[in-house]
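What follows is a short report on a single structure.
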Amino acid sequence: MKHIAVIGAGPAGCLAAYELKKNGHSVVLFEKERQVGGRTFTDRKNDHLIDTGAGFFTNFYPLYFKLLKELKLTDEVIPMSRSVFFAFDNKNEVLGTLASFIFFKALSFKDKFKFFKYVSGLIFKFKSLDLVDIKKLSHYDDCSFADEVRRNAGHNVYEFLARPLIEPFWFFSPEEISRALGMTVLARLATSKIFTMKTGMDRLCQALANTVIKKTNTCVEKILVNPDQSFTLTYTDNGQITNSEPFTHLIIASTAPVAYNLVKPLSENLISSFQKDFLKTQKYVSSSHSVYQISRANPPLNQSGVFPCGPGQHKVATISFDQVKYKSYSHLKKTDDIAHVFLSPVESLKTMTKKSEEIFASTWENARGLYSQLPNSPLPVATYFREHAIPLHEVGRYKKALLFSHQQKAPLVFAGDYLATATIEGALLSGLNAAKLILQEN
Ligand SMILES: Cc1cc2nc3c(=O)[nH]c(=O)nc-3n(C[C@H](O)[C@H](O)[C@H](O)COP(=O)(O)OP(=O)(O)OC[C@H]3O[C@@H](n4cnc5c(N)ncnc54)[C@H](O)[C@@H]3O)c2cc1C
């Protein structure tokens, strides 16, 4: 029996720990926060249910659905509306159905035809486009998504349809990322369905982590390699006491910068210089997320969110509303709603040094700049900032991630969304692959 430490209880670490335990090994899951979930953590605060990171999953997350079934969580799944307001030039239009696309005023008939033709072409490539399979993604990892769309469907389609399908979800710009990701999203657009979890997006991580020994509020600070190639982890409990414990195997399921700091001193026989460099150079975009309670009567909302579109920098990446998200399952009074405002990466960084009152005020001002029907004085509920929110899938990065994955070997293995695509599904797949490498070791 192997004695395995998993560092990080986000989706990647929780699934890796669960798989190893299921296969008869002894596992300890370390998490620096008070609770598991990572970037899927749900804050249950003052009767509110706030998904602080991931807020939904889709019908093209097969691994996620398989796990929900295995863990008897399918009753938790609730469908979400695909309809959102697309906001531009102080106007907004509903988009989400074929009919709304036909009547979408931001694009001419000619532009819509170009978009339709381009997306139809992608549907033929459906099988070769996968959101989280880096082998398939690598095949198209040769230019930016912005260049791809402009070349195939023109500038207007890029500004009014391609950007709003990327920036509100991942915050980064299509200029910065590989076309492989955007093409996959577009190929699945027509058949995509969106879901959320009734009692919070961290329910899956909780269920996975409940099967293993977990040490929350425990930050792994250092990895020592023993002469017999086993590992001793040094960690702080509750931010104070320092403990250490030996393990035969190790999975690091944190973000890349944390992983790099932990493995920096380790030798080439455990981690190659290419892998170290990959971890060191992984870029992230930041996210500032502010949450407000608002009156539902103002505005009368029936769309699940607001996406900015059109040329220029957008200060707000997206606004989403809980009342529509949860519909009949909502924990809110019928007269209230919760508005989540996510700022763009550039604006998010500006909030880093601000006090929370200032963040609430300036974020709401920006939100009203995008969608003027929002009420004047909302009740601030909470604000969250993540410096390393989303890994940037730059052009060439999927190819490098594939090479990184080929070099992975027990007893030290890495998992995390930066090794696939920044989604829960990508993180889960990376966790499963990491566990397999340890299970398959002779
Ligand atoms: C604002 C936002 C919205 C998102 N929306 C969606 C969405 O709607 N749908 C979707 O599919 N995806 C979404 N994502 C992406 C998704 O949340 C991530 O891709 C996924 O959570 C990554 O999982 P992970 O396990 O790789 O990392 P994480 O979830 O970040 O988990 C890593 C864990 O490691 C812990 N850790 C770090 N250092 C240490 C240490 N030294 N010792 C112990 N523990 C440590 C961290 O505290 C964390 O819990 C969103 C992300 C953000 C930030």
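The values are calculated or read from the model by the stated rules, or taken from the named source; none is laboratory data. As the structure is a prediction and not an experimental result, all values here were calculated from the model. Methodologically, a virtual Cβ is constructed for each residue, glycine included, from the backbone with ideal geometry; neighbour enumeration extends over all protein chains shown.
Which one of these is surrounded by 16 or more Cβ atoms within 10 Å (Cβ to Cβ), of a type outside the set (S, T, N, Q) and closer than 30 Å to A317 by Cα: L279, L250? Lay out the reasoning, then the answer.
Numbers: L250 fails: closer than 30 Å to A317 by Cα.
None of the others qualify; the one that does is L279.
Okay, residues lined up against (1) modelled with pLDDT under 95; (2) away from the ligand (no atom under 13 Å from the Cβ); (3) of a type in the set (K, R); (4) in the same structural domain as N433 (by TED's automatic domain parsing):
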{"residue": "A9", "(1), (2), (3), (4)": "no, no, no, yes"}
{"residue": "C14", "(1), (2), (3), (4)": "no, no, no, yes"}
{"residue": "Y18", "(1), (2), (3), (4)": "no, no, no, yes"}
{"residue": "K21", "(1), (2), (3), (4)": "no, yes, yes, yes"}
{"residue": "G24", "(1), (2), (3), (4)": "no, yes, no, yes"}
{"residue": "L29", "(1), (2), (3), (4)": "no, no, no, yes"}
{"residue": "V36", "(1), (2), (3), (4)": "no, no, no, yes"}
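Is it fair to say V36 is among the β-branched types (V, I, T) and part of a strand (DSSP E or B)? Criteria not met by V36.
Considering segment 198-215, the residues that are modelled with pLDDT of 95 or more and among the polar types (S, T, N, Q) include one that is surrounded by the fewest Cβ atoms within 10 Å (Cβ to Cβ), namely N210. The single residue among N238, N217, N243 that is at negative phi and among the polar types (S, T, N, Q) turns out to be N243. Only one of the numbered conditions (1) at pLDDT below 90; (2) in contact with a strand residue (DSSP E or B) (Cβ under 6 Å, 6 or more places away or on another chain) is violated by P79, and that is (1). Scanning segment 38-49 for residues that are among the hydroxyl-bearing types (S, T, Y) and more than 6 Å from the ligand (Cβ to nearest atom) yields one hit, T42.
Mind listing just one residue for me: the one in segment 424-442 that is within 13 Å of the ligand (Cβ to nearest atom) and surrounded by fewer than 24 Cβ atoms within 10 Å (Cβ to Cβ) and, of those, nearest to I177 (Cα to Cα)? Within segment 424-442, the match that is nearest to I177 (Cα to Cα) is E425. Of the helices (runs of 4 or more DSSP H) that lie entirely inside segment 146-216, those containing 1 or more residues that are in the same structural domain as G239 (by TED's automatic domain parsing) span 203-209. Among the residues of segment 50-62, just one is among the aliphatic types (A, V, I, L, M) and either farther than 30 Å from T236 by Cβ or within 7 Å of the ligand (Cβ to nearest atom) (or both), namely A54. Residues that are at pLDDT 95 or above and among the β-branched types (V, I, T) were ranked within segment 120-161; the one that is surrounded by the fewest Cβ atoms within 10 Å (Cβ to Cβ) is V157. Residues of segment 111-148 that are more than 25 Å from N59 (Cβ to Cβ) and in contact with a helix residue (DSSP H, G or I) (Cβ under 9 Å, 6 or more places away or on another chain): D111, K114, D142, C143, S144, A146, D147. Taking segment 391-416 as the range and being closer than 30 Å to I319 by Cβ, touching a Ser or Thr at 6+ places or on another chain (Cβ under 7 Å) and within 14 Å of the ligand (Cβ to nearest atom) as the test, the residues that pass are H393, G416.
Test G121 against the stated conditions and say whether it is out of contact with any His (no Cβ under 6 Å at 6 or more places or on another chain) and within 16 Å of the ligand (Cβ to nearest atom). Criteria not met by G121.
Of all positions in segment 186-196, none carries a residue that is β-branched (V, I, T), away from the ligand (no atom under 12 Å from the Cβ) and either over 29 Å from T52 (Cα atoms) or at pLDDT 95 or above (or both).
State whether one or more residues within segment 352-363 are closer than 24 Å to V258 by Cβ, within 21 Å of the chain's Cα centre (by Cα) and not assigned by TED's automatic domain parsing to the domain that holds C205. The answer is yes, given that some residue of segment 352-363 is closer than 24 Å to V258 by Cβ, within 21 Å of the chain's Cα centre (by Cα) and not assigned by TED's automatic domain parsing to the domain that holds C205.
Residues checked against (1) hydrophobic (A, V, I, L, M, F, W, C); (2) surrounded by 15 or more Cβ atoms within 10 Å (Cβ to Cβ); (3) over 27 Å from V258 (Cα atoms):
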| residue | (1), (2), (3) |
| --- | --- |
| D43 | no, yes, no |
| L68 | yes, yes, yes |
| A87 | yes, yes, yes |
| A99 | yes, no, yes |
| K105 | no, no, yes |
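Put simply, of F385, F404 the only residue that is farther than 21 Å from E175 by Cβ, touching a Leu at 6+ places or on another chain (Cβ under 9 Å) and aromatic (F, W, Y) is F404. Taking each residue of segment 51-64 that is surrounded by fewer than 21 Cβ atoms within 10 Å (Cβ to Cβ) and looking for partners that are of a type in the set (G, A, S) with beta-carbon atoms closer than 6 Å, six or more apart or interchain, yields T58/S192.
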